[in-house]
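Here the structure is laid out as structure tokens; the discussion comes afterwards.
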There are 2 protein chains.
Amino acid sequence: MNIKASIITIGDELLIGQVIDTNSAWIAQQLNALGIDVVRRVAVGDTRDAIIDSLDEELKRNDLIIMTGGLGPTADDITKPLLAEYFGGKLVLNEAVLEHVKSFFERRKRPFLASNGRQAEVPDVCTVLHNAMGTAPGMWFDRDGKVVIALPGVPFEMVHIMETEALPKLRLRFTSDAIVHRSIITAGEGESFLADQIKDIEASLPAHIKLAYLPSYGMVRLRLTGHGADELQLIKEVELFSDEISNRLEKIVVSNEDLPLEHVLGKVLTGRELTLGLAESCTGGFIAHRVTQIMGSAKYFNGSIVCYQEFVKEELLGVKRKTIEKHCVVSEEVAIEMAQGARKALKADIGFGVTGLLSPGGEDRVPVGTVCIAVADEEKTASKTFHFQMDRLRNKELAVNMSLLFIWKFLEGKL
Amino acid sequence: MNIKASIITIGDELLIGQVIDTNSAWIAQQLNALGIDVVRRVAVGDTRDAIIDSLDEELKRNDLIIMTGGLGPTADDITKPLLAEYFGGKLVLNEAVLEHVKSFFERRKRPFLASNGRQAEVPDVCTVLHNAMGTAPGMWFDRDGKVVIALPGVPFEMVHIMETEALPKLRLRFTSDAIVHRSIITAGEGESFLADQIKDIEASLPAHIKLAYLPSYGMVRLRLTGHGADELQLIKEVELFSDEISNRLEKIVVSNEDLPLEHVLGKVLTGRELTLGLAESCTGGFIAHRVTQIMGSAKYFNGSIVCYQEFVKEELLGVKRKTIEKHCVVSEEVAIEMAQGARKALKADIGFGVTGLLSPGGEDRVPVGTVCIAVADEEKTASKTFHFQMDRLRNKELAVNMSLLFIWKFLEGKL
């Protein structure tokens, strides 16, 4: 039988939309890798009634509850005394935690305040999960064969406690069915086109293997998920279907691994021992930021010249004044000179340039949403124009995805 | 009485953590601005039982339910027939939607498939919310004075339907108490230090005004939230407390508006008619990306030289070989030369440089997590070294925040 889990996130900041919840996604990935199904995620405010209500509800449904948030040292945090009460215990001072909190402040040369001392109080009915990265300890509660884990909401503290304390204990506690995921990343066609192409394969999937379509910014990720007792058998089975879909969609498949586009591109550059240099106007450094999110990108990434003014394009990239005047600064002609200029200035094998108008203002010779990109190697160039129709920030996201895809296609001979 | 709302997000991709939920935060902000309290957010898988169960639960508790996801054209979407059944109706072809879907495909020169035709089927018990940006219509259901709105999960489609269709109808339908938020952004001190400094003010807050501490990457945002019938009176009252807290914490307050740091910096640069040029090594263009997220940044931002290799620092920024050799590439000396070089190469009033080691590998003369930054104007320079202790991506986030803060402090004479 599958172990079912809920994630409860506590904090008004999630309910008024001031903070985006990244903790839940990370926790879900980790539990999933243990074969634990996350079936619900709930966000509630930090009021007594809301927290108790959600605990009641989720414990009724599921075997494991992970709560995050509501454990900080300040007065808006009420979770800890509430948990003590909920599980029939009381708060007691834990000497080990107190010592840790004191040394934490000492090492940082910060004053130790009364409110920090309260961080060392824990319910006497829980197992303490050590928080090496902060002062609020995690807590593990057992009740009627079910487990409730409460963690601080600060992301790196939560991650550290999960990795060092909670996940190893969960692995021992719950053995369960295996879950196997395989993803196929495609670009350039919409969800319904894909569905039509593979509808016979989809119809032939057994009940324990599901297919999902996950579209985002010009790409669609197809994800197969299988459940089963025999993991090795399951992997074989899911991969059989994954291969079948991949072969059918061959022309638009970017990757058979669930990797971001910048990682797929990085692998090709590494494999071919090529270096990349960028010239970014409208994307404002976002492509370089994405490329450098990948560990080891220094092996193939030389740099980017973010040229938010025309004189930077001219002086650092050698774009000609007359090209700008004749064709407009948002044109494939300028993008090509930027790509060639980036290649030269950054001594890279592959140069790339992007220039566009993401939102109204400034340039009026092209419609808003026009983005021109170009890529160049020693021998040839290729360029393309897009007309995006969203708002400024979404047009920027789209421009970055389409740029990374264009460079990848150029390298793979798929343009 | 306050109107209470729940947001239900449908989709396995949220439960396995493959996608981060940004829709809910946006919806929560919009409802909040209408004076509607979001009291719960729930994410469930796209199975019949999970969706019905969550609708039952949330309708029991709240007046308004916004559902997103589960309306796409492919087979993993089961929400629409389920909603028809749940509200006692059946699916019928809507001619207006069909015409829109057909012309949508025509304009994009894409084949119109049978599965696209199904997008035009809607429950006969709902009001259709037109989706100008896509093919899946939004739906509005009324039951016993409560409202359920179902929207597609694709972010820009959801946003567009909310803005043009759902929010105006909600404004007419629900009149409610006002909610007033005021935020104070601080940097450089921890949550418990702040709480200690203002504990008398916090204790004096009336019951209808709450204070929350929201820490993130070296900064803490303090947020006051007031509820009340008389909006103007409430604004006065909340601002009184907000001013009191601001004055008490004067030395560490960055802004009294809830703006990202790059926006605060942009306002100072605009006001002083100064331009900025960056030289980014370890942050890989992330600072430039943040700066250019702000509409109108072209007025004060000249560009960034992302120098992921030493030769780029030397050739484009004029960093001296002997400075690198003597002090190490991660040093304040190199950061200063980068800042001066960026100022010169990008013809900016203010130059900034950042160099660091975010994760193991490469440079071994400094500990992992060392980041050196420097800022320069015509007359002077300032520099600082940080030792971050998180993982690569979090160290990058921290470096960006501390960089933006350092430039802001330099301009404001607060270093």
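Selection of the range B:375-393 for residues being more than 30 Å from the chain's Cα centre (by Cα) and either assigned to a loop (DSSP other than H, G, I, E, B) or within 14 Å of chain A (Cβ to nearest Cβ) (or both) yields B:Asp377, B:Glu378, B:Glu379, B:Lys380. Might you check whether a residue that is within 29 Å of A:Gln389 (Cα to Cα) and of a type in the set (A, V, I, L, M) occurs anywhere in the range A:300-310? Taking every residue of the range A:300-310 in turn, at least one turns out to be within 29 Å of A:Gln389 (Cα to Cα) and of a type in the set (A, V, I, L, M). Of the numbered conditions (1) surrounded by fewer than 18 Cβ atoms within 10 Å (Cβ to Cβ); (2) under 20 Å from the mean Cα position of the chain (by Cα), A:Thr164 satisfies every one except a single condition; which is it? All conditions are met except number (2). Of the residues that make up the range A:62-71, is at least one touching a strand residue (DSSP E or B) at 6+ places or on another chain (Cβ under 7 Å), in a helix (DSSP H, G or I) and touching a residue at least 12 places away in the same chain (Cβ under 8 Å)? No, the range A:62-71 contains no residue that is touching a strand residue (DSSP E or B) at 6+ places or on another chain (Cβ under 7 Å), in a helix (DSSP H, G or I) and touching a residue at least 12 places away in the same chain (Cβ under 8 Å).
Determine, yes or no, whether A:Val330 is assigned to a loop (DSSP other than H, G, I, E, B), without any contact (Cβ under 8 Å) to a residue 40 or more places away in the chain and touching a strand residue (DSSP E or B) at 6+ places or on another chain (Cβ under 9 Å).
Here the answer is no, as A:Val330 does not meet what is asked.
Being within 25 Å of A:Val19 (Cβ to Cβ) and surrounded by fewer than 21 Cβ atoms within 10 Å (Cβ to Cβ) is the filter here; which residues of the range A:135-156 pass it? Those that are within 25 Å of A:Val19 (Cβ to Cβ) and surrounded by fewer than 21 Cβ atoms within 10 Å (Cβ to Cβ): A:Pro155, A:Phe156.
Residue pairs, Cβ under 7 Å, 6 or more apart or interchain, first in the range B:192-206 and of a type in the set (A, V, I, L, M, F, W, C), second assigned to a loop (DSSP other than H, G, I, E, B) and buried (at least 17 other Cβ atoms within 10 Å of the Cβ). List them. Pairs found: B:Leu194/B:Leu249; B:Ala195/A:Pro73; B:Ala195/A:Thr74; B:Ile198/B:Leu249. Across the range A:83-96, the qualifying residues are those that are in contact with a strand residue (DSSP E or B) (Cβ under 8 Å, 6 or more places away or on another chain) and not in a loop (DSSP other than H, G, I, E, B), and the one among them that is farthest from B:Ser204 (Cα to Cα) is A:Ala96. Restricting to the range A:126-180, and then to whatever is within 28 Å of A:Ala229 (Cβ to Cβ) and among the polar types (S, T, N, Q), can you tell me which residue is modelled with the lowest pLDDT? Checked the range A:126-180; the qualifying residue modelled with the lowest pLDDT is A:Ser176. Give me the residue from the range B:98-113 that is among the charged types (D, E, K, R) and part of a helix (DSSP H, G or I) and, out of that set, surrounded by the fewest Cβ atoms within 10 Å (Cβ to Cβ). Among those that are among the charged types (D, E, K, R) and part of a helix (DSSP H, G or I), it is B:Arg107.
Just so you know, in the range A:334-363 the residues that are β-branched (Val, Ile, Thr) and over 20 Å from A:Leu274 (Cβ atoms) include one that is surrounded by the fewest Cβ atoms within 10 Å (Cβ to Cβ), and it is A:Val334. Residue-level analysis places A:Ala335 outside the set of residues that are in a helix (DSSP H, G or I) and within 13 Å of B:Val306 (Cα to Cα).
Could you pull out the residue among A:Ser331, A:Ser304 that is surrounded by 18 or more Cβ atoms within 10 Å (Cβ to Cβ), more than 25 Å from B:Leu317 (Cβ to Cβ) and either modelled with pLDDT of 95 or more or over 33 Å from the mean Cα position of the chain (by Cα) (or both)? It is A:Ser331.
Yes/no per residue for (1) on the phi > 0 side of the Ramachandran plot; (2) under 24 Å from the mean Cα position of the chain (by Cα):
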position	(1), (2)
B:Gly226	no, yes
B:Ser242	no, yes
B:Leu265	no, yes
B:Gly271	no, no
B:Ser281	no, no
B:Gly285	yes, yes
B:His289	no, yes
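Going by the structure shown, is B:Thr355 β-branched (Val, Ile, Thr), in contact with a helix residue (DSSP H, G or I) (Cβ under 6 Å, 6 or more places away or on another chain) and part of a helix (DSSP H, G or I)? No.
Remark: B:Leu14 matches the filter, which requires a residue to be facing chain A (nearest Cβ under 8 Å) and surrounded by 22 or more Cβ atoms within 10 Å (Cβ to Cβ). Entry remark, the range B:31-45: residues being more than 8 Å from chain A (Cβ to nearest Cβ) and assigned to a helix (DSSP H, G or I) number 2 in total.
Every residue in the range A:138-154 that is out of contact with any helix residue (DSSP H, G or I) (no Cβ under 8 Å at 6 or more places or on another chain) and of a type in the set (A, V, I, L, M), please.
Initial filter on the range A:138-154 (out of contact with any helix residue (DSSP H, G or I) (no Cβ under 8 Å at 6 or more places or on another chain)): A:142, A:144-145, A:154.
Hit for the range A:138-154 is A:Val154, nothing else.
Taking the conditions exactly as written (surrounded by fewer than 19 Cβ atoms within 10 Å (Cβ to Cβ) and either in the same structural domain as B:Thr22 (by TED's automatic domain parsing) or part of a helix (DSSP H, G or I) (or both)), does B:Lys80 satisfy them or not? Spelling it out, it is not the case that B:Lys80 is surrounded by fewer than 19 Cβ atoms within 10 Å (Cβ to Cβ) and either in the same structural domain as B:Thr22 (by TED's automatic domain parsing) or part of a helix (DSSP H, G or I) (or both).
Scoring B:Val366 on the criteria (1) in a loop (DSSP other than H, G, I, E, B); (2) among the hydrophobic types (A, V, I, L, M, F, W, C); (3) more than 14 Å from chain A (Cβ to nearest Cβ); (4) crowded, with 24+ Cβ neighbours inside 10 Å leaves a single failure, condition (4).
Looking only at residues in the range A:277-295 that are assigned to a loop (DSSP other than H, G, I, E, B) and at the interface with chain B (Cβ under 7 Å from one of its Cβ atoms), the one that is modelled with the lowest pLDDT is A:Met295.
The values are calculated or read from the model by the stated rules, or taken from the named source; none is laboratory data. In this text the structure is predicted, and so the values were computed from the model without any measurement. Quick reminder, even Gly has a Cβ in these numbers, built from the backbone with ideal geometry, and neighbours come from all protein chains shown.
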